[in-house]
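Here's the structure, in structure tokens; my notes come after.
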Amino acid sequence: MSGISTLKTPPGYLAVFEMPIKKEINLDGLVVALDDVKDPGNLGTIIRLCDWFDIQQIICTEETVDVYNPKCVQASMASLGRVQVDYVNLEEFLTDAQPDIYTTAMDGTSIYNLSLPENGILVMGNESAGISEEIMSLGSKISIPQYGSQPSTESLNVAMATAVVLGEWRRSTEK
């Protein structure tokens with residue numbers, strides 16, 4: 001295992017999966033879109049979060065880290081087998097998309113003050129640069145309000161922010 005693993009202390013097991021057959025992108029329900037996420041651990045965690053919150057589709061920019069990066073696969077904890085991940089020119093794709101688009105930004109409307117729809121596309125951004133201006137302009141800006149008194153906390157980790165937004169989104173749309 002040490003010879004094939006990228007980990008310092010590899011686990012004592014190995015899994016083999018078939019590469020999924022590419023399907024049509026499904027825009028039913030809530031969809032997560034990722035703008036240039038670079039950290040494989042973040043992408044894997046977001047895949048796992050989508051599985052937890054019953055989100056079937058993630059759409060990524062072509063610059064987003066490879067979903068089959070070993071750290072991404074490990075962080076997804078097998079959720080990669082249940083969530084479809086596609087890479088597209090995100091700006092073009094969102095320009096033509098029918099569902100409402102919600103972009104996350106520090107200066108957006110608080111997610112706690114919104115009536116969120118059951119269907120929509122939630123865009124999360126790059127770990128250091130956020131969402132590109134071109135993609136930001138395509139949606140309604142939403143945010144997680146900061147409650148701390150320390151303005152030096154500049155942002156949340158993209159996977160953590162995704163967890164908070166998805167949790168609130170699902171809570172607000174429960175019947």
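The values are calculated or read from the model by the stated rules, or taken from the named source; none is laboratory data. Since the structure is predicted, the reported quantities are computational estimates derived from the model, not experimental observations. For neighbour counting, all protein chains shown are included, and Cβ atoms are generated from backbone atoms with ideal geometry for every residue, glycine included.
Of the numbered conditions (1) touching a strand residue (DSSP E or B) at 6+ places or on another chain (Cβ under 9 Å); (2) more than 30 Å from GLU18 (Cβ to Cβ); (3) in a helix (DSSP H, G or I); (4) among the polar types (S, T, N, Q), THR109 fails exactly one; give the number of that condition.
(3)
Residue by residue through segment 41-73, note down the ones that are at pLDDT 95 or above, out of contact with any Ser or Thr (no Cβ under 7 Å at 6 or more places or on another chain), farther than 17 Å from ASP86 by Cβ and not aromatic (Phe, Trp, Tyr).
Of everything in segment 41-73, those that are at pLDDT 95 or above, out of contact with any Ser or Thr (no Cβ under 7 Å at 6 or more places or on another chain), farther than 17 Å from ASP86 by Cβ and not aromatic (Phe, Trp, Tyr) turn out to be GLY41, ASN42, THR45, ASP54.
Does VAL37 meet the test of being assigned to a loop (DSSP other than H, G, I, E, B), at pLDDT 95 or above and within 19 Å of GLY139 (Cα to Cα)? I'd like the intermediate steps shown before the answer.
Details: assigned to a loop (DSSP other than H, G, I, E, B): yes; at pLDDT 95 or above: yes; within 19 Å of GLY139 (Cα to Cα): yes.
So VAL37 passes the test.
Within segment 51-96, take every residue that is within 12 Å of VAL32 (Cβ to Cβ) and among the acidic types (Asp, Glu) and give me the one that is surrounded by the most Cβ atoms within 10 Å (Cβ to Cβ).
Among them, the one singled out is ASP51.
Kindly indicate the residue of segment 83-112 that is polar (S, T, N, Q) and at pLDDT 95 or above and also nearest to GLY139 (Cα to Cα) among those meeting that condition.
Taking segment 83-112 and keeping what is polar (S, T, N, Q), we get 84, 89, 95, 98, 103-104, 109-110.
This time we only want the ones that are at pLDDT 95 or above, so: 84, 89, 95, 103-104, 109-110.
Values: GLN84: 22, ASN89: 16, THR95: 10, THR103: 6, THR104: 9, THR109: 12, SER110: 15 Å.
Selected residue: THR103.
Being assigned to a helix (DSSP H, G or I), farther than 23 Å from LYS175 by Cβ and either modelled with pLDDT of 95 or more or over 12 Å from the mean Cα position of the chain (by Cα) (or both) is true for just one of LEU80, LEU14. Which residue is that?
Working: LEU14 fails: assigned to a helix (DSSP H, G or I).
Among LEU80, LEU14, only LEU80 is assigned to a helix (DSSP H, G or I), farther than 23 Å from LYS175 by Cβ and either modelled with pLDDT of 95 or more or over 12 Å from the mean Cα position of the chain (by Cα) (or both).
Filter segment 101-132 down to the residues that are under 26 Å from LYS175 (Cβ atoms), of a type in the set (Gly, Ala, Ser) and buried (at least 19 other Cβ atoms within 10 Å of the Cβ) and list them by number.
GLY120, the sole residue that qualifies.
Looking at ASP86, is it within 22 Å of GLY29 (Cβ to Cβ) and either in contact (Cβ under 8 Å) with a residue 60 or more places away in the chain or in contact with a Pro (Cβ under 9 Å, 6 or more places away or on another chain) (or both)?
Against the criterion (within 22 Å of GLY29 (Cβ to Cβ) and either in contact (Cβ under 8 Å) with a residue 60 or more places away in the chain or in contact with a Pro (Cβ under 9 Å, 6 or more places away or on another chain) (or both)), ASP86 qualifies.
Just checking, which of MET160, MET124 is under 11 Å from the mean Cα position of the chain (by Cα), free of Cβ contacts under 8 Å to residues at least 24 places away in the same chain and under 16 Å from ALA105 (Cα atoms)?
Values: MET124 fails: free of Cβ contacts under 8 Å to residues at least 24 places away in the same chain.
From the options MET160, MET124, the qualifying one is MET160.
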